[in-house]
1. What do you reckon, is Trp421 more than 30 Å from Asn37 (Cα to Cα), in contact with a Gly (Cβ under 8 Å, 6 or more places away or on another chain) and in a helix (DSSP H, G or I)?
2. Quick check on my filter: what residues within the range 379-397 are within 20 Å of Gly237 (Cβ to Cβ) and among the β-branched types (Val, Ile, Thr)?
3. For the subset of the range 142-174 comprising residues that are under 20 Å from Val93 (Cα atoms) and open to solvent by 40 Å² or more (accessible area, probe 1.4 Å), which member is modelled with the highest pLDDT?
4. Can you name every residue in the range 228-266 that is hydroxyl-bearing (Ser, Thr, Tyr), crowded, with 18+ Cβ neighbours inside 10 Å and within 18 Å of Leu123 (Cβ to Cβ)?
5. Taking the range 47-75 as the region of interest, how many residues are over 17 Å from Phe180 (Cα atoms) and small (Gly, Ala, Ser)?
6. For Val54, all conditions in the list (1) modelled with pLDDT under 85; (2) under 25 Å from Leu246 (Cβ atoms) hold save one; what is the number of the exception?
Amino acid sequence: MAHQWQKIATLRRRIPQNAVWALLDQALYGISNFLANTLMARWLEPTEYGAFAVGWMILLIGYQVQNPLITEPLTVYTPNRFRTAPELYQQIVQYLHWFLTGLAALVFVLLAGLQNDGVFKGLYLGLAFALPFVQYAMLIRRICYANLAPRLSALGGFLYLPLFVLSAFILHNASLLNAFTAMLLMGAASLISGYWVWWQWSRVSQQRVYGATLPFQAQVKLFWAVLRYHWRYGRWGLPASLLWILVTSLPYVLLVRFHGLESVAGLRVLENTVAPVNSFFSAFNSLMLPSFARASSPANLERMMRRYLLLFTTLGFLFWLVLALLHEPIFRLLYGANYQDIGRLLYLFALVPMATWFAEVFFSAFRAQEQPRWITWLYVLASFSTGVLGWLLIQRMGLQGAVVTVLCTQALLAIAALIFWFRLGRQRTF
């Protein structure tokens, strides 16, 4: 028995604590998103949940814009260009965040003032409050990773989850929960958890000293220098992010245009139902790119690619089988009496993760071989496909047309990525 305990203790020492906290943090993030959408789908009327789904998509768009301009450069520059004063640099990045998201909040306030529909007016006002704070919490999470402190990020997730769920439950029982108040809750919970994490990190790094010792003019000069560096880094990643935004959001835009918010709610419900599958695959994805980048030869790289393709295809098929066969009890468990009439669409929509992650194997291979331009071209193709199919199918078939559009686009992206790799990628490796 003592020998067994010794082996367990040795194994525990070998497991990097940062990796454990990082995995826990990602799990909490996925659970929070899944639970938020599930509860809103159960508690809100379809029109209100459709508005919430539009707001959720806008928050994702905001992240896709922020990621190449702020988040990714932060993770690169913290241990590199600004390694002598990372705390001051991260403070400047936060100023940049508040500047950009503050402008976005003003735009949402103006949009709210132009709305005659009370649902959309409330949604835009809620986004004006929520987007800066939600993006702030996500930025603070990346600062923790840049400083090799994922534990604090995970603890922030532990704080966010009960804050949001309990406050949403209280408002639901008081009959005050709608798209507007849901956005307010997301923003408030994000602000509290994000500031708590930053406060904890400030205590550890004692970074408040740096900002006080630098003159104001020097801080302004450094701010513009950081802005230039971040734009120089992010201007190449921004087009790919914008194309991803187009591919992802266009079905929602067309559904709102032709069929209203209730159909948007249905598409968001389907996406939320398969979200745990995507979260599960993303855990493997975090290991895929660094593994590909360390490949010692083309044969070694393609061997790893085949393993990931087999993994994603096999698991994707098994997940599809479970979701397709058990769609009725799954929908009853997650959404109660709501949305039972669209559960049958899981037969098609549950195939989307398999196609998505099949393509992601080739995306990671392109990135590992420093050929991201092919990813941009692939998204150009996917954007064209979404636009043409979406306009033809969604206008005529509504939600079912949106499901077919999303599935066909992801399947086309997977096939095109395979062709691009064998025609262009593998010939230029090493």
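The values are calculated or read from the model by the stated rules, or taken from the named source; none is laboratory data. Note that the structure is predicted; figures quoted are calculated from it, not measured. Cβ atoms come from the backbone with ideal geometry, glycine included; neighbour counts cover every protein chain shown. Note: areas computed on protein heavy atoms with side chains; ligands, DNA, RNA excluded. Shrake-Rupley method; radii C 1.70, N 1.55, O 1.52, S 1.80 Å.
1. Numbers: more than 30 Å from Asn37 (Cα to Cα): yes; in contact with a Gly (Cβ under 8 Å, 6 or more places away or on another chain): no; in a helix (DSSP H, G or I): yes.
It is false that Trp421 is more than 30 Å from Asn37 (Cα to Cα), in contact with a Gly (Cβ under 8 Å, 6 or more places away or on another chain) and in a helix (DSSP H, G or I).
2. Here is the first cut: in the range 379-397, the residues within 20 Å of Gly237 (Cβ to Cβ) are 379-383.
The answer is Val380, and nothing else.
3. Looking only at the range 142-174, we keep the residues that are under 20 Å from Val93 (Cα atoms), and these are 142-150, 152-153, 156.
Narrowing the set further to residues that are open to solvent by 40 Å² or more (accessible area, probe 1.4 Å) leaves 142, 145, 148.
Values: Arg142: 84, Tyr145: 77, Leu148: 74.
Per the criteria, the residue is Arg142.
4. Within the range 228-266, Tyr252, Ser263 qualify.
5. 1
6. Single failed check for Val54: (1).
Condition check ((1) more than 27 Å from Ser32 (Cβ to Cβ); (2) of a type in the set (Lys, Arg); (3) surrounded by fewer than 16 Cβ atoms within 10 Å (Cβ to Cβ)) across all residues:
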| position | (1), (2), (3) |
| --- | --- |
| Ala293 | yes, no, yes |
| Ser297 | yes, no, yes |
| Arg307 | yes, yes, yes |
| Gly316 | no, no, no |
| Leu333 | no, no, yes |
| Leu346 | no, no, no |
